[in-house]
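Structure, as structure tokens:
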Amino acid sequence: MLAEVDRPAASNGTSRPYANGKSHQRPPAPGTANGTHKSSTNGSTGSRQPDTYFGHNREEVTRILIQALSDMGYNSAAESLGQESGYELESPTVAAFRNAILGGDWSEAETLLFGAETPGGRAREGGNGLVLADGAEKNLMRFWIRQQKFLELLEQQETNRALSVLRNELTPLYQDSQKIHFLSSLLMCQKIEDVKSKAEWDGVYGESRHILLSQLSRCMSPSVMLPEHRLAMLFHQVKANQIGGCLWHSAASSPSLYSDHVCDRQQFPTQTVIELDEHEDQVWQVAFSHDGTKLASCGKGKQVIIWDVPSFKPIHFLGDHDSGVGNVAWSWDDTMLVTCCSDRHARLWDVNTGACLQKLERFQEPVTSCVWAPDNKSFVTGALDKNHSLVQWNLEGEKLCDWNSTHRVEDLALSPDGRWLVALNAESAVYVYNFVNQELKYQMDLQHRLTSITISQNSRYLLVNHNNGMAQLIDLVLREPVQSYTGFTGGHWMIRSTFGGANESFVISGSEDGSINIWHKASAHLVEKLNGHPPGCNAVSWSPTNPCLFASCGDDGKIKMYAPLLPSVLLRISTNSV
């Protein structure tokens with residue numbers, strides 16, 4: 001609930017408190033124009049180095065190296081590099097601003113911020129060396145600083161001073177009355193723990209000041225204040241670019257920096273290694289558990305089977321259904337499973353025992369879909385019932401919330417971060433809800449009948465299957481299509497597509513002609529078209545823990561497991577399945 005933007009986390013998995021590797025205070029030096037300083041006596045005795053390093057700006061490279069060395073704890077090496085090169089990571093003013101934030105000297109921080117220049121503007125006489133990034137707003141940055149000051153006063157139980165800051169310092173800066181009202185409500189909290197919980201803030205002795213500094217640093221020009229962990233971010237970009245260009249990416253581990261990344265096509269899962277035929281009729285869906293150790297399958301034959309992975313032996317047959325089962329949903333901890341049935345009931349099952357825990361009240365139309373809330377304590381069902389098409393339930397089978405939507409729901413998807421709930425109607429529209437407050441954010445008419453939806457692990461992209469033989473990738477934030485995948489056969493039945501492979505590098509879909517189609521997600525290049533389940537392949541599921549394994553199912557009543565052609569992989573799966 002902090003101001004304007006989401007709470008920034010320490011990037012790259014590091015808990016280092018200093019965003020740019022500097023922890024010591026330096027005296028201010030007026031007149032410094034940017035974040036670097038050429039020393040007249042830098043300790044170097046060699047000849048002058050060229051201005052570029054293999055075409056890259058030498059100063060930029062050196063400053064990034066100094067930051068990286070400090071990030072990794074090689075402070076002496078960082079200092080030595082600075083002395084030998086004559087470049088500083090940041091100016092004394094930037095260091096003073098950093099220490100003011102981390103030390104809680106809010107007056108000094110605002111004074112330094114007040115003297116900051118805007119990018120492209122004329123340098124004022126006596127400018128202090130701080131330069132803001134394009135689009136940065138000083139008042140918003142001041143608001144963030146004063147908000148931290150307000151919260152720390154509440155933590156110190158100095159309510160009167162906190163109220164004064166709210167009235168006289170925060171309110172005049174910010175036009176968002178809802179945000180001001182939220183901060184006002186914190187004054188009513190009886191316990192410090194309630195303030196921290198409600199504000200999603202961990203206090204002065206937590207990471208809050210470092211998070212504030214990270215937030216402020218994004219508003220500074222990189223010429224004076226490098227983005228956090230810049231070298232690591234450049235490495236991430238290099239790896240992502242190489243992975244994005246790898247048509248058969250199947251490596252779960254991060255690529256090495258020592259050599260260019262490429263995957264062998266033989267490592268890609270194209271070989272049918274096992275066929276499972278326990279179902280007596282069409283199989284409509286398969287879904288791996290989140291930990292990859294189980295697989296659930298359902299279909300026209302009224303039973304759901306839970307399989308062990310990698311032995312692929314049945315663990316439970318869930319048979320208390322009066323009609324076909326079209327959808328299953330694993331709880332986040334994989335201990336429970338919801339089944340959605342054409343008999344107009346949804347059922348909650350214990351995965352360990354195979355017992356039915358709850359049978360929800362009967363809908364007026366078939367239950368089509370289900371997603372679990374991030375807290376693992378409730379789930380949402382979708383149904384063709386216009387009166388109760390979107391309903392949230394607790395584990396006791398009690399109704400928690402009814403969206404009272406007027407559209408039918410054919411399929412559901414919930415983003416892993418718990419932000420987006422997306423519903424697909426039985427025609428051509430998708431409805432995007434804020435899952436937290438149940439508000440409809442927007443809807444899109446995609447002009448064709450839609451059959452399934454799923455959301456990427458980064459919660460950014462929605463994959464929608466059309467019945468005209470096209471899958472579409474939609475940016476949930478920008479609200480626009482960004483890629484499309486063609487080549488499969490659509491028609492009258494529900495065909496499911498999903499993301500898969502290492503880093504979700506692929507889009508995979510069934511097809512009414514029985515084929516399995518795999519596209520490279522970024523380029524939309526069709527990398528494989530496999531003969532799956534004539535006369536129709538209904539669904540596919542890629543293992544979330546093994547990028548070289550996926551499952552498919554179809555109207556032939558079979559489930560097929562696909563893995564690479566490598567003999568070692570085939571032998572391992574064959575041995576486990578005996």
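The values are calculated or read from the model by the stated rules, or taken from the named source; none is laboratory data. Bear in mind the structure is a predicted one, so any value in this text is a computation, not a measurement. Every residue, glycine among them, receives a Cβ derived from its backbone with ideal geometry; neighbour counts consider all protein chains shown. Accessible surface areas use protein heavy atoms only, side chains included; no ligands, DNA or RNA. Shrake-Rupley method; radii C 1.70, N 1.55, O 1.52, S 1.80 Å.
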| Loop-located chymotrypsin sites (Phe, Trp or Tyr not before Pro) in the range 60-101 whose Cβ has at most 15 other Cβ within 10 Å (DSSP) | TYR74
| Those trypsin sites (Lys or Arg not before Pro) in the range 317-365 that DSSP places in a loop and that have at most 14 other beta carbons within 10 Å | ARG362
| request: Quick one: net charge around VAL527, please, counting Lys, Arg +1 and Asp, Glu -1 for every other residue with C-beta under 11 Å from its C-beta. | output: +2
| request: Please give the calculated 222 nm ellipticity per residue for the chain, where each DSSP H segment of at least 4 residues contributes -39500 (n - 2.57) and the sum is spread over every residue; nearest 500 deg cm²/dmol? | output: -6500 deg cm²/dmol
| task | Could you run the Karplus curve 6.51 cos²θ - 1.76 cosθ + 1.60 with θ = phi - 60° over the range 377-389 and give me ³J(HN,Hα) per residue in whole Hz, x for Gly and Pro? | result | 10, 7, 8, 10, 9, x, 8, 7, 6, 5, 7, 9, 6
| said: Once each part is reduced to its C-alpha centroid, what is the distance from the range 134-171 to the range 309-363 in angstrom? | reply: 51 Å
| task | May I ask for the angle, rounded to the nearest 10°, between helix 58-71 and the longest principal axis of the chain, with both axes built from Cα atoms and the value confined to 0 to 90°? | result | 70 degrees
| field | Angle in degrees between helix 230-244 and the longest Cα principal axis of the chain, rounded to the nearest 10 | value | 30 degrees
| Of the trypsin sites (Lys or Arg not before Pro) in the range 438-544, which ones lie in a loop per DSSP and count no more than 15 other C-beta atoms within 10 Å? | ARG479
| For the range 448-477, list residues with backbone N below 18 Å from a point placed 7 Å from the Cα of SER428 toward its Cβ? | 448-453, 464-474
| query | Around SER378, what is the net charge, scoring Lys/Arg as +1 and Asp/Glu as -1 over all other residues with Cβ under 11 Å from its Cβ? | reply | -1
| query | Cross-link partners among lysines for LYS294, C-alpha distance below 30 Å, same-chain residues fewer than 8 apart left out? | reply | LYS302, LYS313, LYS359, LYS377, LYS399, LYS521, LYS529, LYS558, LYS560
| Across the chain, where is the longest run that never hits GluC sites (Glu not before Pro) in a DSSP loop with at most 14 other C-beta atoms within 10 Å? | 428-578
| Using modelled backbone amide H atoms (1.01 Å from N, in-plane), which distant-in-sequence or interchain residues come within less than 5 Å of TRP284's amide H? | CYS298, GLY299, LYS300
| said: Taking θ = phi - 60°, what integer Hz values does the Karplus form 6.51 cos²θ - 1.76 cosθ + 1.60 yield along the range 253-267, in sequence order, with x for Gly and Pro? | reply: 7, 5, x, 6, 7, 6, 8, 5, 8, 7, 10, 6, 4, 5, 7
| Once the Cα atoms of helix 138-155 and of the chain are each reduced to a long axis, what angle between those two axes, in degrees from 0 to 90 to the nearest 10, is obtained? | 80 degrees
| field | Gained length - LEU395 relative to GLU79, 0.36 nm times residue gap less alpha-carbon distance | value | 108.0 nm
| field | Carbon/sulfur fraction of accessible area - the chain, other protein chains in place, 1.4 Å, % | value | 48 percent
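Give me the accessible area per residue for the chain, probe 1.4 Å, as a whole number in Å².
Per-residue accessible area for the chain comes out at 47 Å².
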| message | Tell me the net charge near LEU348. Cut-off is 11 Å between Cβ atoms, LEU348 excluded, with +1 for each Lys or Arg and -1 for each Asp or Glu. | response | 0
